[in-house]
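S.K.: Sending over a structure as structure tokens; questions will come in a sec.
The values are calculated or read from the model by the stated rules, or taken from the named source; none is laboratory data. Quantities reported herein were computed from a predicted structural model and do not represent experimental measurements. No Cβ is skipped: glycine too gets one built from the backbone with ideal geometry, and neighbour counts run over all protein chains shown. These area figures cover heavy atoms from the full protein model, side chains too; ligands, DNA and RNA do not enter into them. Shrake-Rupley method; radii C 1.70, N 1.55, O 1.52, S 1.80 Å.
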Amino acid sequence: MKIALVGYGKMGKAIEEIAVSKGHSVVLKIDVDNASDLNAKQLSKADVAIEFTGPHSAFENITSCLKAGIPTVSGSTGWLDKYDQTIKLCRELNGTFLYASNFSVGVNIFFEVNKRLARLMSPHPEYSVTLGEIHHTQKKDAPSGTAITLAEQVIANIPSKKIWVNHISDNTDELEIISERIDPAAGTHTVKYSSPIDDIEIIHTAHNRRGFASGAVLAAEYVQGKKGVYAMSDVLGFKE
């Protein structure tokens, strides 16, 4: 598999290491210094694009890849106000797009546990629920995309929660996400249910970037030969 890496920071380099170890090749590396190389001619060298950039450039990068007719896997966060627009474009072009707020296999299992736990807790209003996330100080967005996914899963399964907020709240309609930025921290996410009697808590802690990088390569392998819009739940074969 020939890969175009759109974003060649720490995550891009980790993806390259995993991809090469699995026998794939990286034929294009896009960073701020050569952003003009993100064009159809250069992308035609690749079988798939893996995009990990920032909130302000992700949508434009993804759009460029889709318009070039290349299957695109994205893990950028902080741009999801344009997600629906991206999906519409992908379908209009009969393209291929896979987005994940977190590519780690462990985190995606954690997502499934979170949904199941929220369903179990829904009939028990005596429990309050809060979310917490810790990342390194260089992370550009807060809350993390992973925390937002967790929050949306809770809201979908607990009717009393209507919206998430990124601060402490006394409004019972609001689901708190408390973000901390501490070095060094690869990423910790916590979902906690508390009552006067007991607490129930699930936690995922990443030790390094390898889990994210491995999952991104796995996703790129999955979309080969496919058309449409996919998620990590498709890659991992999770069924509702």
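S.K.: Scan segment 101-135 residue by residue and report those that are more than 21 Å from Val165 (Cα to Cα), part of a loop (DSSP other than H, G, I, E, B) and either open to solvent by less than 60 Å² (accessible area, probe 1.4 Å) or of a type in the set (D, E, K, R) (or both).
M.R.: Phe103, Ser104
S.K.: A further question on this structure: Give Ala49, Ala58, Ala40 a once-over and let me know the one that is of a type in the set (A, V, I, L, M) and surrounded by fewer than 16 Cβ atoms within 10 Å (Cβ to Cβ). Quick ask: steps written out before the conclusion?
M.R.: Values: Ala49 fails: surrounded by fewer than 16 Cβ atoms within 10 Å (Cβ to Cβ); Ala58 fails: surrounded by fewer than 16 Cβ atoms within 10 Å (Cβ to Cβ).
Of the residues listed, the single one that is of a type in the set (A, V, I, L, M) and surrounded by fewer than 16 Cβ atoms within 10 Å (Cβ to Cβ) is Ala40.
S.K.: Could I ask something else about it? Just to be sure I understand the filter: pairs with C-beta atoms under 6 Å, separated by 6 or more residues or on different chains, first member in segment 157-182 and farther than 18 Å from Gly145 by Cβ, second member of a type in the set (S, T, N, Q) and surrounded by fewer than 17 Cβ atoms within 10 Å (Cβ to Cβ). Which pairs pass?
M.R.: Asn157/Ser122; Ile158/Ser122
S.K.: Output the qualifying pairs, or none if there are none: Cβ atoms under 8 angstrom, residues six or more apart or on different chains, first residue in segment 85-112 and of a type in the set (Ser, Thr, Tyr), second residue assigned to a loop (DSSP other than H, G, I, E, B) and open to solvent by 60 Å² or more (accessible area, probe 1.4 Å).
M.R.: Taking only residues 6 or more apart or on different chains, the pairs are Thr96/Lys226; Thr96/Lys227.
S.K.: Among the residues of segment 1-45, write down those that are in a helix (DSSP H, G or I), among the acidic types (Asp, Glu) and free of Cβ contacts under 8 Å to residues at least 60 places away in the same chain. Full working, then the answer.
M.R.: Here is the first cut: in segment 1-45, the residues in a helix (DSSP H, G or I) are 10-21, 32-37, 40-43.
Adding the requirement that they be among the acidic types (Asp, Glu) leaves 16-17, 33, 37.
The answer is Glu16, Asp33, Asp37.
S.K.: When only residues in segment 46-67 that are under 14 Å from Leu28 (Cα atoms) and in a loop (DSSP other than H, G, I, E, B) count, which is nearest to the chain's Cα centre (by Cα)?
M.R.: Phe52
S.K.: Kindly indicate the residue of segment 186-209 that is open to solvent by 80 Å² or more (accessible area, probe 1.4 Å) and modelled with pLDDT of 95 or more and also nearest to the chain's Cα centre (by Cα) among those meeting that condition.
M.R.: Of everything passing the filter in segment 186-209, Ile203 is nearest to the chain's Cα centre (by Cα).
S.K.: In the set Glu126, Glu133, Glu112, which member is more than 17 Å from the chain's Cα centre (by Cα) and charged (D, E, K, R)? Outline the logic, then answer.
M.R.: Values: Glu133 fails: more than 17 Å from the chain's Cα centre (by Cα); Glu112 fails: more than 17 Å from the chain's Cα centre (by Cα).
Every option except Glu126 fails the conditions.
S.K.: Quick one: would you say Ile155 is at negative phi and surrounded by 15 or more Cβ atoms within 10 Å (Cβ to Cβ)?
M.R.: Values: at negative phi: yes; surrounded by 15 or more Cβ atoms within 10 Å (Cβ to Cβ): yes.
Yes: the conditions hold for Ile155.
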